1. The list [x] 33, 27, 19; [y] 40, 37, 18; [z] 34, 24, 17 gives values of semi-axes √(5λ) of the Cα gyration tensor in Å, and only one came from this structure; which label was calculated from it?
2. For LYS265, go through the lysines and keep the ones whose alpha-carbon is under 27 Å away, minus same-chain ones fewer than eight residues off.
3. Show me the helices of the chain, taken as full DSSP H stretches, that run 30 Å or more along their long axis by Cα and average -1.0 or above in Kyte-Doolittle hydropathy.
4. Which is farthest toward the positive dipole end of the chain among PHE66, ILE234, PRO196, measuring Cα position about the Cα centre, with Cβ charges +1 (Lys, Arg) and -1 (Asp, Glu)?
5. Amide H to amide H under 5 Å from ASP54: which residues, 5+ apart in sequence or cross-chain, H placed 1.01 Å off N in plane?
6. Calculate, in nm to one decimal, what ARG238 and PHE252 gain on full extension: separation in residues at 0.36 nm each, minus their alpha carbon distance.
7. Pull up the cross-link candidates among the lysines for LYS208, meaning alpha carbon to alpha carbon under 21 Å and not fewer than 8 places away within one chain.
8. Report, ordered by chain and residue number, the aspartates and glutamates lying within cross-link reach of LYS211, taken as a straight Cα distance under 18 Å and ignoring same-chain residues fewer than 8 apart.
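Nothing in this text is a laboratory measurement; each read-out follows from the coordinates by a stated rule. Model, not experiment: these values are computed from the prediction. Counting neighbours? That spans all protein chains shown, and the Cβs are built from the backbone with ideal geometry, glycine included.
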Amino acid sequence: MATANMIERSSARGWYKRNEIAVTPWLFLAPAVLFFLVYVIIPIFQSIGISFYDWDGLGEARWVGFANYVELADDRAFEVSLWNNFKWLVFYLLAIPAGLFIALYLNQTVSGIRIYKSLFFFPFVLSQVVVGLVFSWFYLPNEGLLSNFLGLFGLGPVNLLGDPTLATYGIIAAGLWPQTAYCMILYLTGLNAVDPEQVEAARLDGAKGWKMLWYVIIPQLKPATFIAFVVTIIGALRSFDLISIMTNGGPFGQTRVLSFYMFEKALSEYGFRMGYGAAIAVVLFLIMLCFIAYFLYSMWREENVR
């Protein structure tokens, strides 16, 4: 009996030893995969399920099928939120070239460059709430620095956050401040990996200035650019903090985006309509999924080409 148990344990140890290289990485990944499954994948499917119900979050849920999605098609507030998300998506991408040019400037060996790097890095470590408050004070119609600066040119005070046509752009500008710092960090890391031999060979061939940047430097920054695009696009689609702090969706609901409108419908004083809020969340998820799938496909295709 004892001999049989020893043989069984030896066989088990032998199986692990034979498969150690294949199994060990999965053992390390298991906790992260479990958390990702419980807190991301399962809630996604739960949200999709809830979107087919009329539910206030407390009482009995009533099956309504695609009624929530049909209502979205005629919802003017949803249309405004979707259009504002598109604005965020377009203008937020300005953080990528801005981060690149700041990184190129900071990638110099000049006196005091560490201080400049710290100043440009500073917005990245600030909370979005702090950024929102700082820009809210900056945009104040009478006491704000923006109005005082415009006053020097006789343009008078501007109530940027109180103007339905300009408020969204003011919030986007606030979001660009820390996002540009993040892209700058990515590009500074990428510039450290640029092959100096290629740069020197290009100089010998007479390349300089924009040609050097476009044909030699930027192609070597593709990994950093890829990450910057993914993070910036996801950040633009998930924008919530700054809107909540700076305008709370106003004026007249003109600064809402899908994530904020979802919160209003599902959890705020406007309704506790969990099913309708879940439908908005599903639409936002599908938009993000399209971009993520495209980037993953681009990365897979580039790896196969290599």
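1. Computed from these coordinates, semi-axes √(5λ) of the Cα gyration tensor in Å corresponds to label [y].
2. Within the straight-line cut-off, LYS265 pairs with LYS87.
3. Taking the DSSP H segments of the chain (at least 30 Å long, mean hydropathy at least -1.0), we get 167-192, 274-305.
4. The residue sitting farthest along the positive end of the dipole is PRO196.
5. Correct list: ARG62, TRP63, VAL64.
6. Numbers: separation 14, 0.36 × 14 = 5.04 nm, distance 2.10 nm.
Result for the pair: 2.9 nm of gain on full extension.
7. LYS222
8. ASP195, GLU197, GLU200
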